[in-house]
Each structure stands twice: as C-alpha cells, then as structure tokens.
Amino acid sequence: MIQLIIRRLLLMIPLLILTTMVIFTISKLQPGDAFSGEIDPKNTNPEYIKAQRLKLGLDDPIPIQYVKWAKKTLSGDLGDSIRYKRPVIDLVKERMPNTVLLGTVSLIITYFLAFPLGIISGRKPYTLVDYSIQILNYLMLAIPSFVAGVFAIYIFAFKLGIFPFSGSVEIGLDEGTLPYYLSKLYHSILPGTMLGALSTAGYIQFLRNDIVENSRKDYARTARAKGLSRSKIYNKHILRNSIIPIVTFFGSDILSIFGGAVITETLFSYPGIGKLLIESISGKDYPLMMALLLFFSFLGLLANLVSDVTYSIVDPRIKSN
C-alpha cells in the first residue's frame, strides 16, 4: 500500500509539469488580455494600461512568461488577481469553504438516494418497481443540469419561496455565529440537492446491475442451496460484493462534484470555486485562471490515487500496480 502511494505521488510530478504547460498554453490562446477593451481615450490613459501590461509581464515572450509563472507557482506564490487586486491564494481560501460545503451536501444526497434505490431495483429486477426506478434514471440522465437548475429555482425559490435563489449566506449575520453557519447550510441545500440528485442515476444503475449479476453467480447459488434466507444472502454476500465498485468511486466523486459545481454555482450565483473559475476565464484573469485550472488538474490526479487506494482497501484480493 505504501509503495503504491509513493509510486503514484512520484508519477504526479512529471504529470503536473506537463499539466502546467498545457494550462499555460490554453490560457494564452485566448485573444486579448485582462486589459483588452478598457482603453477609453476620454477616461483611461493608454500609457497607464501599457505600464500595467509591462509590470505584469504580459508583453514578454510566451516562454519567458511561462518560466516566470512556473517559478512563482513552485515557490508557493500564485500571484495576484488582475481583476480583484488581491492575492490568488486569499480568493481561493475565501471561496473554497463554500464549494466544500456544496460538495458535502451533494455527496450526502447522492449516496442517500443511490444506495436504497439501487438496492431495491437490484433485489426486484424486471418488476414494476424496477422499471419505475429505471424511468427515473433515464430522466435524470436526459435532463441537463442547467435546465433542471432553472426549474428548481423557478419552483422552489420564486413560486414556493422555500429556498434562496442566490448567494451563500444571509446578509447581516456575524461570521462565526450559529445563525451564520445555519444560513450557509440553508443556502447550499437547493444547489447541493440539484448537483447530487442528477449524479445518482449512474450509481443506481451500476449498483442495480451489479446486484443482479452477483445474484446469478455460483456463490449465491451455493448459499441458496445451504438454505440461507433471502435477506441474509443479499445483505451478507451479494450486497457486500456489489458495493465494492461503488465505494471506489469516492475519489472520482470529489472531482466530478468540483466540476459540476462550475455550472451549478454559476446558475445559482453561489460564490464558490466553480463560479470564480468562470469569472477568471471571462475576465482573462490569467493568474487566477491558471491557478484554478492547476488546482482542478491536481484534484483529478489525487482523485485517481484515492480511488486506487480505496479499491485496494475494500478488496485486498486486487493488487494495484
């Protein structure tokens, strides 16, 4: 296990270096920069814009810009945001708790729905209950998240007034107080539920198919021949083996939630990392954009490592290379 972790961590180093090159290249392929369109002869001094570009090194050759950025990043300095005039690390620290809370709510909703529905569908295949759950799955797979989000905002925020449609906390509450944290949780329920509910379809289908397949294997037939009860066969033997692949998805769940948060946070005007990424791309805020893209890339590599380690833990028979 330790060798696996060390090997994967060492493999991350060249992958991250290659990732920085790709991220930097993609960022610079965008036309213009953060100052494009801001030159107004009546209100803005063109010399000031030129001086700012020179100060930030935006006029340097691309290879030199990459080397400077890579050196600063490796030293732990992610630079300052051009748009917000603040250190990038401070913006990430400020927005990260909101995305983590949103992701936690989403994960709880996902597993809370996926496990019981998948188990019921798997234990009663080709019945009315199973077909009903399958139809629900197809609907969740077919409806785009932004469409479902718009309907959720319209129904639960505007029509029923149950949940707020934007923001992460009620204005006027003192940070650190119980009402403050309850308000944070309250604001995350609607976007978190949407993000989590739409992610359940794949898990339900996967768990259902695995239970049906395992119920036909030799060990299940042997258990029936021994006279074990149906509940004991499913709970002790079939379900235990069927859950193994689902548990190993936990690492990729983390990545998918951060990726899904980009759309969800933008749709619900929820101030998290995803919305910050969209703002940095639209504003051509290179330091912030490249730092966030690098974070998502590192999160993807870390998610794969977590999946491999989890797989080795829950099923010792499998050797990860």
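The values are calculated or read from the model by the stated rules, or taken from the named source; none is laboratory data. Remember, predicted model here, so these are calculated numbers, not experimental data. No Cβ is skipped: glycine too gets one built from the backbone with ideal geometry, and neighbour counts run over all protein chains shown. Accessible surface is based on the protein model in full, side chains and every heavy atom, while ligands, DNA and RNA are left aside. Shrake-Rupley method; radii C 1.70, N 1.55, O 1.52, S 1.80 Å.
Quick notes on this one:
- Residues of the stretch 83-101 falling in the label zone of Glu175, defined by backbone nitrogen less than 13 Å from a point 7 Å along Cα to beta-carbon, are 90-98.
- Scattering profile of the chain at q = 0.10, 0.14 Å⁻¹ [log10 I(q)/I(0), Debye over alpha-carbon scatterers]: -0.76, -1.20
- Spin-label pair Glu47/Thr104, simplified geometry with 7 Å Cα→Cβ offset, distance in nm: 5.4
- The stretch 80-134: chymotrypsin sites (Phe, Trp or Tyr not before Pro) falling in loop per DSSP and having at most 11 other Cβ within 10 Å: Tyr126
- Whichever lysines have a C-alpha closer than 30 Å to that of Lys226, once near sequence neighbours (fewer than 8 apart) are set aside: Lys124, Lys217, Lys236
- Label-point separation, Leu9 to Arg230 (7 Å along Cα→Cβ), nm: 5.0
- Within the listed set Asn235, Asn214, Asn304, the residue fluctuating most in the Gaussian network model of the chain (springs between alpha-carbon atoms under 10 angstrom) is Asn235.
- Given the chain, longest segment not containing exposed loop GluC sites (Glu not before Pro) (DSSP; at most 15 other Cβ within 10 Å): 176-321
- Just the protein heavy atoms count here, and of the accessible area of the chain at 1.4 Å, carbon and sulfur take up 67 percent.
- When its C-alpha radius of gyration is set against 2.2 N^0.38 Å (N residues), the stretch 59-145 gives a value of 1.94.
- Loop-located trypsin sites (Lys or Arg not before Pro) in the stretch 203-238 (DSSP state other than H, G, I, E, B) with a sparse environment of at most 14 neighbouring Cβ atoms within 10 Å: Arg216, Lys217, Lys226.
- Label-point gap, in nm, between Ala157 and Leu185 - each point 7 angstrom along Cα→Cβ: 2.2
- Each helix, a run of at least 4 DSSP H residues, gives -39500 (n - 2.57); summed and divided by the residues of the chain, these come to -23000 deg cm²/dmol at 222 nm.
- Stretchable slack from Met96 to Ile2, in nm (0.36 nm times residue separation minus alpha-carbon distance): 30.9 nm
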